[in-house]
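Below is one structure, written out as structure tokens, with a few remarks after it.
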Amino acid sequence: MNKANVQTPQVTHSQEIVVLDHGTGAKLSRELVEQIAETLGEAYLGTMEDSALLELPSNRIAFTTDSFVVTPLIFGNGDIGKIAVCGTVNDLAVSGARPLYITLSLIIEEGMPISELLKIIESVRETAHSAGVKIVAGDTKVVGKGEADRLFINTAGIGVMRHHSLSIRNVRPGQKIILSGYIGNHSIHLLSIREGLGFERNVLSDCAPLNHMIDNVLNNVPAGRVASMRDVTRGGLSAVLHEHARATNCAIRFSKLALPVLPEAAMAADMLGVNVINLANEGCLCLFVEPDVAEKVLELLHEDPCGKEAKIIGEVEAFSQPVVQMVESDGSLTTIEELYGAELPRLC
């Protein structure tokens with residue numbers, strides 16, 4: 001949290017909302033950064049230097065970066081801070097790494113209440129503690145009104161490889177496809193809040209760090225039997241399946257009846273005219289596993305609260321070209337086309 005941008009000093013100061021002077025690198029900047037660091041508490045390992053000096057227990061590391069935007073910033077059971085930590089942790093974990101360290105950079109729009117900002121930072125702290133990671137460095141920038149959507153967060157994450165590398169290159173015909181939980185809940189929850197649909201009490205966001213659940217699977221299944229893993233985020237399940245179909249030049253075939261979909265989420269999707277397989281999630285895994293360990297993987301997923309609804313949904317099949325197909329309830333096949341853009345306005 002050591003660097004701040006230079007802005008033209010403003011005449012008006014406020015301790016209740018973020019003002020441009022919070023980005024000058026002067027007293028208000030220091031005070032805001034100190035408030036953020038204090039709120040992060042033990043989750044923050046930084047020393048207010050220009051770089052964090054880290055010790056890694058392995059010379060094989062995983063490194064990722066991501067940027068986060070969401071509307072609304074704070075929702076029923078989460079916020080942009082929770083999403084930022086979960087998204088970074090999950091990206092590391094699905095590669096077979098143990099997440100260790102995260103950076104946290106904030107682009108804050110002038111006028112944001114400081115109490116709201118610190119509430120989000122509290123969520124960062126709590127989620128980092130739950131995931132077992134530390135915030136080690138960061139940055140703050142303040143921009144004028146209308147120049148950002150209240151708050152943008154950028155992260156980078158470092159983890160050490162503890163398991164064999166999981167890769168799309170390991171996927172081949174015969175492997176089973178497993179989903180760890182309900183799909184569509186995150187998008188439906190946010191849309192319901194934004195559009196006043198009334199589903200948000202029954203359909204909560206699935207936002208969660210999944211690294212402990214992933215560790216449990218990889219620690220208890222023979223190396224190499226889990227081929228690939230993805231967290232099902234933007235683009236939804238459809239994007240993950242198309243990515244694997246293209247990479248393997250195979251058919252990805254899944255059953256509509258096998259999809260874990262909360263009834264209220266299905267009802268809301270029908271009302272909105274969207275397909276749940278295209279909706280974003282923040283706490284759902286798609287796994288490609290060898291058939292001999294599929295039931296064991298299911299058992300291990302079911303041991304975790306985030307994996308209670310895990311199901312085998314399909315299989316990778318040899319084919320003459322990459323294609324994603326859905327088996328309808330009557331047994332007929334429907335080809336799922338890759339979306340050109342987005343079905344819905346930006347959520348996150």
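Of note:
- Coil-residue chymotrypsin sites (Phe, Trp or Tyr not before Pro) of region 66-120, DSSP, other Cβ within 10 Å capped at 14: none
- Straight Cα distances below 12 angstrom link residue 82 to the aspartates and glutamates 122, 126, 206, 282, with same-chain residues fewer than 8 positions distant left out.
- Hull volume in cubic angstrom per residue (convex hull over the Cα atoms of region 89-189): 160 Å³
- Here, P(r) means the percent of Cα pairs in each 10 Å bin from 0 to the largest distance; for region 163-214 it is 19, 33, 26, 18, 4.
- The value given for region 242-348 is a Kirkwood hydrodynamic radius of 15.5 Å, derived from the mean inverse Cα-Cα separation.
- Per residue, the convex hull spanned by the Cα atoms of region 136-295 measures out at 162 cubic angstrom.
- Backbone phi angles across region 146-160, fed through the Karplus curve with coefficients 6.51, -1.76 and 1.60 (θ = phi - 60°), yield HN-Hα couplings of x, 9, 7, 8, 6, 7, 10, 10, 10, 10, 10, x, 10, x, 10 Hz in residue order; Gly and Pro are listed as x.
- Counting only DSSP beta bridges whose two residues both lie in the chain, roughly 70 percent are antiparallel.
- Heavy-atom surface of the chain, accessible at 1.4 Å and reported per residue (Å²): 44 Å²
- Full extension of the chain between residue 156 and residue 56 gives 34.4 nm of extra length, using 0.36 nm per residue less the Cα-Cα distance.
- Under the criterion of Cα pairs below 8 Å and six or more residues apart, the relative contact order for the chain equals 21 percent.
- Calculated on the Cα set of the chain, radius of gyration then Dmax: 21.3, 69 Å.
- Proximity of backbone amide H atoms, modeled 1.01 Å from N, is registered between residue 336 and 324, 325, 326 at under 5 Å, excluding neighbours fewer than 5 places apart on the same chain.
- Length added when fully stretched, residue 246-residue 303, from 0.36 nm per residue minus Cα-Cα: 17.3 nm
- FRET E, pair residue 333, residue 31, Förster distance 45 Å, beta-carbon r, rounded to 0.05: 0.15
- The order of the peptides 140-147, 280-287, 197-204, 213-220 by mean Cβ neighbours within 10 Å, most packed first, is 280-287, 213-220, 197-204, 140-147.
- Peptides ranked, highest mean first, by Cβ atoms within 10 Å: ranges 89-99, 320-330, 150-160: 89-99, 150-160, 320-330
- The length gained by stretching the chain between residue 77 and residue 201 to full extension, at 0.36 nm per residue less their Cα-Cα distance, is 43.7 nm.
The values are calculated or read from the model by the stated rules, or taken from the named source; none is laboratory data. Worth saying up front: this structure is predicted, and the values here are computed from it rather than measured. All Cβ positions, even for glycine, are placed from backbone atoms using ideal geometry, and neighbour counts span all protein chains on display. To get the accessible areas, we keep the full protein, side chains included, count just its heavy atoms, and leave off ligands, DNA and RNA. Shrake-Rupley method; radii C 1.70, N 1.55, O 1.52, S 1.80 Å.
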